[in-house]
1. Compare Arg90, Arg79, Arg23 by solvent-accessible area with a 1.4 Å probe and give them largest first, with all protein chains kept in place.
2. Suppose accessible area is computed on protein heavy atoms with a 1.4 Å probe; arrange Tyr7, Tyr25, Tyr102 from highest to lowest.
3. By how many nm would the segment from Arg55 to Ser85 lengthen if fully extended, with 0.36 nm per residue of separation less the alpha-carbon distance?
4. Provide the gained length on full extension for the span Val38 to Asp105, in nm with one decimal, where the gain is 0.36 nm per separating residue minus the Cα-Cα distance.
5. Would you work out if the stretch 1-111 is rounded, prolate or oblate? Take a ≥ b ≥ c from the square roots of the eigenvalues of the alpha-carbon gyration tensor; rounded if a/c is under 1.5, else prolate when a/b is larger than b/c, oblate otherwise.
6. Rolling a 1.4 angstrom probe over the protein chains, ignoring ligands and nucleic acids, what is the accessible area of Ile61 in square angstrom, nearest 10?
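The values are calculated or read from the model by the stated rules, or taken from the named source; none is laboratory data. What you are looking at is a predicted structure, and each value in this text was computed from that prediction instead of being measured. Please note that ligands, DNA and RNA were not included when accessible areas were found on the heavy atoms of the full protein model with its side chains. Shrake-Rupley method; radii C 1.70, N 1.55, O 1.52, S 1.80 Å.
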Amino acid sequence: MMIAVPYAHGEVFGHFGHTAQFRLYTVEDSEVTAISLVDTNGSGHGALSAFLAERGVDVLICGGIGGGAQEALAKVGIRIYAGVSGDADRAVAMFLAGKLAYDPDARCDHHDHEHGEGHTCGEHGCGGSCHHD
């Protein structure tokens, strides 16, 4: 199994579509056997589903994520555990132990309406980082 986590400074990055890096965890027999860090090279939102699928990702653990990204990931067979924050390694360990606290309805609500260029996380009710309502 391959688990991906949007990653910044050891933490689960709060906005899936704007992440610059993913931490990838290779898991065999419920144990992490390898960890790597991959740059998205500017890929964002919809392109990230293909980016992760190409790397064999089965599971995404993330913070905020828009509905379009959720649909794109579902189409390529990636299971989503959203609404997660804090230490990335701990989140993966909790997932593997069956104890990860997540929100299946977590969405970044600013994707539900139009916004112009220059949008930054923290606008439209995100409160500084994208998270569930």
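1. Values: Arg90 145, Arg79 120, Arg23 45 Å².
Descending order: Arg90, Arg79, Arg23.
2. Working: Tyr7 40, Tyr25 5, Tyr102 105 Å².
Descending order: Tyr102, Tyr7, Tyr25.
3. Details: separation 30, 0.36 × 30 = 10.80 nm, distance 2.31 nm.
Taking 0.36 nm per residue and subtracting the Cα distance, the gain is 8.5 nm.
4. Values: separation 67, 0.36 × 67 = 24.12 nm, distance 2.69 nm.
That pair, Val38 and Asp105, stretches by 21.4 nm at full extension.
5. On the way: a/c = 1.42, a/b = 1.24, b/c = 1.14.
The shape class here is rounded.
6. Spelled out: Ile61, probe radius 1.4 Å, area about 0 Å².
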